[in-house]
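S.K.: Below is a structure I'd like to ask you about.
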Amino acid sequence: MKGARRTRLGPRHYGDTFMIDWSRVKELEDDMGAEDLGDVVAIFLDEMEEAIEDMVAQPPNSSEEWASRMHFLKGSAFNLGFEAFGAYCGGGETAARAGDVDGLTVAELRARYDVSKSAFIADFSNNSTAILEVA
């Protein structure tokens, strides 16, 4: 994306996909303001944690359930600029819709989310004027 501020350091880059699309975060901040963005990010992180913890507690038991959950996570991730995690979830959704869930694990999903979340939190103040309060 032209003008996108992306970081390419260590864990902030996953294969050919940048972890975070900071231009998306900037777009959200421009649309809603810095104060509201901080609140939206906090809600997003809470909802993602809850969705993943639900999967840890009760792993999907069918390809349809995997596809549905991965679709939700993909949409949420892309909405906030979690590019690498969104791409992983999109690939998982596609595989699940094809009936191929052998390569999908909740542990891998959790690990990829944690890496993306860490990259997001580490660079948030460099890419937004919003105040982010996370636990």
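Every read-out reported here was derived from the displayed coordinates using simple, explicitly stated rules and does not represent laboratory data. The structure displayed is predicted, hence computed values, not measured ones. Using ideal geometry, Cβ is built from the backbone for each residue, glycine included, and neighbour counts are taken over all protein chains shown.
S.K.: Sorted by average packing, counted as other Cβ atoms within 10 angstrom per residue and highest first, what order do 54-64, 118-128, 85-95, 71-81 take?
M.R.: Per-residue mean Cβ counts within 10 Å order the peptides as 85-95, 71-81, 118-128, 54-64.
S.K.: Once both axes come from the Cα atoms, what is the angle between helix 106-127 and the longest principal axis of the chain, in degrees from 0 to 90, rounded to 10?
M.R.: For 106-127 against the chain, the angle is about 10 degrees.
S.K.: Using just the C-alpha positions of segment 75-135 as equal point scatterers, what log10 of I(q)/I(0) does the Debye formula give at each q in 0.28 1/Å?
M.R.: Ignoring solvent entirely, the Cα scatterers give -1.23.
S.K.: Something else about it: How tilted is helix 34-57 with respect to the longest principal axis of the chain? Cα atoms for both, answer in degrees (0 to 90, nearest 10).
M.R.: 20
S.K.: Using 0.36 nm per residue, how much length does the chain from Glu64 to Ala107 gain when fully extended, once their Cα-Cα distance is taken away?
M.R.: This chain segment gains 13.6 nm when fully extended.
S.K.: So between Ile43 and Ser125, what do we pick up on full extension, going 0.36 nm a residue minus the alpha carbon distance?
M.R.: Length gained, Ile43 through Ser125: 27.8 nm.
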